[in-house]
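One structure is given here, and the rest of the page talks about it.
The values are calculated or read from the model by the stated rules, or taken from the named source; none is laboratory data. Since we're looking at a predicted model, the values are computed, not measured. Heads up, the Cβs are rebuilt from the backbone with ideal geometry, glycines too, and the neighbour counts pull from every protein chain shown.
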Amino acid sequence: MKGQRNIIFALMFALLVALFSIANIQNVEVNYIVGYFETPLVIVILGSVTLGALIVFLVGGWKFVKMRNYTKKLQLEMEQLRASSVLHEEIATTIQNVTNQNDNSKPLS
């Protein structure tokens, strides 16, 4: 349900940006440090939104990959601890069995 809500929100935002862009079709001068150029404002608006979305996607993707790697690391550590715990339990059981066998083999005094 949350995914559907996000898609609806994204579509509404895209529609809002498209309407805003279409309403601003006049040419504007875009100044950079090294120069300038003239282009329709709709291109500037859509380019800015696209660049912002790309930046958010890349940062979110980077954090997702980082979190996935951390999760894999924790799962591996958990498996190692479980294996270690099983090994300790087996050793304790073996020691207990050997102790019980030695107690049973001693003659009663």
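Quick one: would you say Ile25 is outside any helix (DSSP H, G or I) and at pLDDT below 85? Write out each step before concluding.
On the way: outside any helix (DSSP H, G or I): yes; at pLDDT below 85: yes.
It is true that Ile25 is outside any helix (DSSP H, G or I) and at pLDDT below 85.
Hey, among Asn69, Asn31, which residue is more than 28 Å from the chain's Cα centre (by Cα) and of a type in the set (S, T, N, Q)? First the steps, then the outcome.
Numbers: Asn69 fails: more than 28 Å from the chain's Cα centre (by Cα).
Exactly one of Asn69, Asn31 is more than 28 Å from the chain's Cα centre (by Cα) and of a type in the set (S, T, N, Q), namely Asn31.
For residues that are in contact with a strand residue (DSSP E or B) (Cβ under 7 Å, 6 or more places away or on another chain) and under 28 Å from Leu11 (Cα atoms), scanning just region 31-74, find the one that is surrounded by the fewest Cβ atoms within 10 Å (Cβ to Cβ).
Here is the first cut: in region 31-74, the ones in contact with a strand residue (DSSP E or B) (Cβ under 7 Å, 6 or more places away or on another chain) are 36-41, 44.
With the extra rule that they be under 28 Å from Leu11 (Cα atoms), the set shrinks to 39-41, 44.
Numbers: Thr39: 12, Pro40: 14, Leu41: 16, Val44: 15.
Result: Thr39.
Which of (1) part of a helix (DSSP H, G or I); (2) surrounded by 10 or more Cβ atoms within 10 Å (Cβ to Cβ) is the odd one out, the single condition Gly3 does not satisfy?
Of (1) part of a helix (DSSP H, G or I); (2) surrounded by 10 or more Cβ atoms within 10 Å (Cβ to Cβ), only one is false for Gly3: (2).
Quick one: would you say Ala92 is surrounded by 10 or more Cβ atoms within 10 Å (Cβ to Cβ), of a type in the set (A, V, I, L, M) and under 21 Å from Ala10 (Cβ atoms)? Give the steps one after another, and end with the answer.
On the way: surrounded by 10 or more Cβ atoms within 10 Å (Cβ to Cβ): yes; of a type in the set (A, V, I, L, M): yes; under 21 Å from Ala10 (Cβ atoms): no.
Against the criterion (surrounded by 10 or more Cβ atoms within 10 Å (Cβ to Cβ), of a type in the set (A, V, I, L, M) and under 21 Å from Ala10 (Cβ atoms)), Ala92 does not qualify.
Is at least one residue of region 82-90 of a type in the set (D, E, K, R), over 35 Å from the mean Cα position of the chain (by Cα) and assigned to a helix (DSSP H, G or I)?
Just the residues of region 82-90 that are of a type in the set (D, E, K, R), to begin with: 82, 89-90.
Restricting the remaining residues to those that are over 35 Å from the mean Cα position of the chain (by Cα) gives 89-90.
Checking which are assigned to a helix (DSSP H, G or I) leaves us with 89-90.
Yes, some residue in region 82-90 is of a type in the set (D, E, K, R), over 35 Å from the mean Cα position of the chain (by Cα) and assigned to a helix (DSSP H, G or I).
Just to be sure I understand, how many residues within region 29-49 are assigned to a loop (DSSP other than H, G, I, E, B) and of a type outside the set (Phe, Trp, Tyr)?
At the first step, the residues of region 29-49 found to be assigned to a loop (DSSP other than H, G, I, E, B) are 32-35.
From what's left, of a type outside the set (Phe, Trp, Tyr): 33-35.
Selection size over region 29-49: 3.
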